[in-house]
Amino acid sequence: MAEENKTYTIPIGPVHVGLKEPITAWLQVDGERIVDVRIRPGAIHRGIEYMARERNPIQVIYLAERICGICSFAHIVSFVRVVEDATGIPVPPRAKYIRTILLELERIHSHILWAGVACYTLGYDSAFNLGMLLREKVMDVLEAMTGNRVNYGVGTIGGVRRDITPKVAKAINEMLDYYNREFSYFYNVVTEDPIVKARMRNVGVLSKENAIRYCAVGPTARASGLRMDLRWSSPYEAYEDLEVEPVVPQDYLGKVHGDVFDRFFVRVMEVYQSLDIVKKCMDGLPDGPIMHESKPAKLLSLLKEAEGVGQSSIEAPRGDDTHAIKLTKGEENITWWKVRAPTYANAMSWPIMFKDQEIADAPLIINSIDPCISCMERMLVVDEKGSSTMTTKEELIKLCRDKTRRLMHR
């Protein structure tokens with residue numbers, strides 16, 4: 001009598017050389033084949049939304065950009081736009097263009113970083129080092145524009161805090177020339193390597209139907225063939241004046257696999273797209289002020305007189321970044337603030353991607369959606385005696401809804 005197949009559970013994480021942040025995946029395997037997976041995000045939630053209730057909207061800007069270091073300006077723009085939506089504060093045209101330039105520069109450095117890390121996960125260290133070398137150019141430009149390489153602190157309600165000077169404009173144009181000259185080498189080194197193709201092609205497949213079913217967003221959804229990009233479908237800032245088309249594999253490769261290679265390809269092609277967008281914004285940069293109100297005290301007095309609920313969604317490097325806020329007239333601090341980062345949606349597809357894959361591909365599949373674990377929802381309850389319990393998803397949703405109802409009626 002043949003012995004029945006046995007499965008074993010193998011944990012990956014919470015600390016793993018192939019993962020950027022703490023996360024645990026319990027892989028149920030039959031030999032080398034993954035038959036099921038259970039994933040638990042790392043317990044690194046920082047309670048930023050709760051902290052914001054003790055701060056005014058101007059102070060919350062600096063909390064918002066610390067939700068994620070890689071796409072910090074995307075969170076700033078989504079937050080200030082939600083406040084502008086609730087208060088009706090206008091944004092000067094020049095500020096919209098500067099915001100767009102910064103958003104696209106951030107997209108470039110985020111995608112190059114992810115591509116380099118993907119190569120590192122594969123063991124392709126020379127391509128990883130090349131990617132990190134290329135990324136330095138855009139980081140230098142971001143530092144020239146804002147004074148920082150991360151957490152730029154230039155966004156404000158009603159505009160931006162720093163203008164593009166002639167010196168910065170020169171640095172941006174030099175960067176564009178540099179990438180148009182050098183980036184194709186990195187693309188060719190990776191995409192033409194047969195070993196890289198073998199490790200990426202038909203690995204972590206997410207079909208178009210499953211991408212829709214599990215609400216994938218951003219490059220993860222576009223790599224599955226979905227034409228979805230908020231810069232295209234719901235343009236904001238300077239995107240209203242630009243023609244931004246979603247980057248999907250079928251337009252370039254003629255076929256969609258929805259695998260790790262397609263997710264790599266989409267991000268690399270979006271680097272070229274971002275370079276083109278920055279070029280158009282620099283050529284069409286309008287004159288005028290860069291903020292609606294330059295005096296913080298006067299701006300704060302305007303915010304204290306505002307009342308209402310606002311919502312904003314923008315296309316961050318990883319996908320849809322949604323913020324919602326409520327302001328109460330006469331109160332300096334915000335009433336409530338909710339954030340849904342793109343990893344919330346994309347992580348739902350992990351179990352589908354893992355099905356029937358090899359153990360060795362697990363770190364690459366996890367990283368293929370470019371996850372930001374510290375943005376994801378989870379809650380650990382610790383009582384006075386020190387014992388802890390993990391709140392389930394259903395319980396957390398119920399608590400969030402109850403809390404929102406209470407805040408809405410304050």
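Checked against (1) outside any loop (DSSP other than H, G, I, E, B); (2) surrounded by 15 or more Cβ atoms within 10 Å (Cβ to Cβ); (3) not assigned by TED's automatic domain parsing to the domain that holds Val160, Pro14 meets all criteria but (1).
A single entry from Arg38, Arg53 fulfils the requirement of being in contact with a strand residue (DSSP E or B) (Cβ under 8 Å, 6 or more places away or on another chain), surrounded by fewer than 17 Cβ atoms within 10 Å (Cβ to Cβ) and in the same structural domain as Ile334 (by TED's automatic domain parsing): Arg53.
The listed residues are Met353, Met348, and the only one of them that is farther than 29 Å from Arg162 by Cβ, assigned to a helix (DSSP H, G or I), modelled with pLDDT of 90 or more and within 24 Å of the chain's Cα centre (by Cα) turns out to be Met353.
Tally the residues that are part of a helix (DSSP H, G or I) and either modelled with pLDDT of 90 or more or not hydrophobic (A, V, I, L, M, F, W, C) (or both), restricting the search to region 66-96. Going through region 66-96 one residue at a time, the tally reaches 19.
Residues considered: Arg99, Arg107. Of these, the only one that is in contact (Cβ under 8 Å) with a residue 40 or more places away in the chain, under 17 Å from the mean Cα position of the chain (by Cα), outside any loop (DSSP other than H, G, I, E, B) and closer than 16 Å to Tyr272 by Cβ is Arg107. In the set (1) surrounded by 15 or more Cβ atoms within 10 Å (Cβ to Cβ); (2) of a type outside the set (Lys, Arg); (3) farther than 30 Å from Leu300 by Cα; (4) touching a residue at least 60 places away in the same chain (Cβ under 8 Å), the condition left unmet by Ile157 is number (3). Can you tell me how many residues within region 344-375 are in contact (Cβ under 8 Å) with a residue 60 or more places away in the chain, more than 19 Å from Leu122 (Cβ to Cβ) and among the hydroxyl-bearing types (Ser, Thr, Tyr)? Residues in region 344-375 being in contact (Cβ under 8 Å) with a residue 60 or more places away in the chain, more than 19 Å from Leu122 (Cβ to Cβ) and among the hydroxyl-bearing types (Ser, Thr, Tyr): 2 in total. For region 135-151, check the following and say yes or no: at least one residue is at pLDDT 90 or above, part of a helix (DSSP H, G or I) and either farther than 29 Å from Gly284 by Cβ or among the small types (Gly, Ala, Ser) (or both). Scanning region 135-151, I find at least one residue that is at pLDDT 90 or above, part of a helix (DSSP H, G or I) and either farther than 29 Å from Gly284 by Cβ or among the small types (Gly, Ala, Ser) (or both), so the answer is yes.
Pull out all pairs, ordered by first then second residue, where Cβ-Cβ is under 7 Å, the residues are six or more apart or on different chains, the first lies in region 190-201 and is under 17 Å from Ala362 (Cβ atoms), and the second is at pLDDT below 90 and aromatic (Phe, Trp, Tyr). From residues that are under 17 Å from Ala362 (Cβ atoms), there are no pairs. For Cys215, the conditions (1) surrounded by 13 or more Cβ atoms within 10 Å (Cβ to Cβ); (2) outside any helix (DSSP H, G or I); (3) on the phi < 0 side of the Ramachandran plot all hold with the exception of (3).
Matching residues to (1) crowded, with 20+ Cβ neighbours inside 10 Å; (2) in contact with an Asp or Glu (Cβ under 8 Å, 6 or more places away or on another chain):
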| residue | (1), (2) |
| --- | --- |
| Asp85 | no, no |
| Pro90 | no, yes |
| Ile98 | yes, yes |
| Arg107 | yes, yes |
| Ser110 | yes, yes |
| Gly116 | yes, no |
| Leu122 | yes, no |
| Ser126 | no, no |
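Checked against the criterion of being aliphatic (A, V, I, L, M), over 30 Å from Ile365 (Cβ atoms) and surrounded by fewer than 21 Cβ atoms within 10 Å (Cβ to Cβ), the candidates Val141, Val168 yield just one match: Val168. So in region 171-195, with the set limited to residues that are within 25 Å of the chain's Cα centre (by Cα) and within 15 Å of Asp262 (Cα to Cα), which one is surrounded by the most Cβ atoms within 10 Å (Cβ to Cβ)? Only one residue fits best here, namely Val190. With respect to (1) under 30 Å from Ala64 (Cβ atoms); (2) part of a helix (DSSP H, G or I), the lone exception for Phe186 is condition (1). Taken together, the residues in region 267-297 that are surrounded by 13 or more Cβ atoms within 10 Å (Cβ to Cβ), more than 26 Å from the chain's Cα centre (by Cα) and of a type in the set (Asp, Glu) amount to 1. A count restricted to region 203-222 and to residues that are charged (D, E, K, R) and in contact (Cβ under 8 Å) with a residue 12 or more places away in the chain stands at 2. The residues in region 223-259 that are part of a loop (DSSP other than H, G, I, E, B), touching a residue at least 12 places away in the same chain (Cβ under 8 Å) and within 23 Å of Ala118 (Cβ to Cβ) can be counted, and the count is 15.
The set of residues from region 128-178 being closer than 15 Å to Ile112 by Cα and hydroxyl-bearing (Ser, Thr, Tyr) comprises just one member, Tyr178.
Please identify the pairs in which a residue from region 268-297 that is in the same structural domain as Arg231 (by TED's automatic domain parsing) has its Cβ atom under 6 Å from the Cβ atom of a residue that is of a type in the set (S, T, N, Q) and at pLDDT 95 or above, counting only partners at least 6 apart or on another chain. Close Cβ pairs satisfying both conditions: Cys281/Thr100.
State whether the residues of region 152-173 include one that is among the aliphatic types (A, V, I, L, M), over 30 Å from Val60 (Cβ atoms) and out of contact with any Pro (no Cβ under 6 Å at 6 or more places or on another chain). Yes: one or more hits.
The values are calculated or read from the model by the stated rules, or taken from the named source; none is laboratory data. It should be emphasised that the depicted structure is a prediction, and the values quoted were computed from it without experimental measurement. We place every Cβ from the backbone using ideal geometry, glycine too, and count neighbours over all the protein chains shown.
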